[in-house]
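Here the structure is laid out as structure tokens; the discussion comes afterwards.
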Amino acid sequence: MVKKQERKSPTNVASIKNEYVRSLQEKKDRKRARKVRLYRRLAVFSLVAVIILSVLTYTFINQKSLLAAKEEEKQLLLEELAEKEAEQEILTSQLTKLNDDEYIAKLARQEYFLSDKNEIIFSLPKNSKNSKKKAVEKE
């Protein structure tokens, strides 16, 4: 039987030191260095891309929330504008009525209990709650 000789670590083998082996080793080293530079460039590019993407995402979210707040404020202001326009319409109608002498006379009679000729004024209580309480107590 032939015994197979087990190979030991390659450190026991001496390398050939000639020009061809040296050039192959340099090619191999350049290829490895190129690969390392490629991985570094890809890592830096990926890092820059992630940073830019995160900044854009943050800006988008911030602008979206700001826009939502502005929309809500716009709705509130539109409601307030509608109320003010209704109030302005009422005041405009009152202003036109105040230019009418008959309306002023009627208003003065109501507020200051003034009377026209042959007119009798009756003063009724304004609080209906008090009159209801009195009516309930009497029963």
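The values are calculated or read from the model by the stated rules, or taken from the named source; none is laboratory data. Just so it is clear, the model here is predicted, and its values are computed rather than measured. Heads up, the Cβs are rebuilt from the backbone with ideal geometry, glycines too, and the neighbour counts pull from every protein chain shown.
Residue pairs whose Cβ atoms lie under 7 Å apart, separated by 6 or more positions or on different chains, with the first residue in segment 118-132 and modelled with pLDDT of 65 or more and the second part of a helix (DSSP H, G or I), are 125/131.
For every residue, the table says whether it meets (1) at pLDDT 95 or above; (2) surrounded by 10 or more Cβ atoms within 10 Å (Cβ to Cβ); (3) assigned to a loop (DSSP other than H, G, I, E, B); (4) of a type in the set (Val, Ile, Thr).
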residue	(1), (2), (3), (4)
8	no, no, yes, no
23	no, yes, no, no
31	yes, yes, no, no
41	yes, yes, no, no
44	yes, yes, no, yes
58	yes, yes, no, no
66	yes, yes, no, no
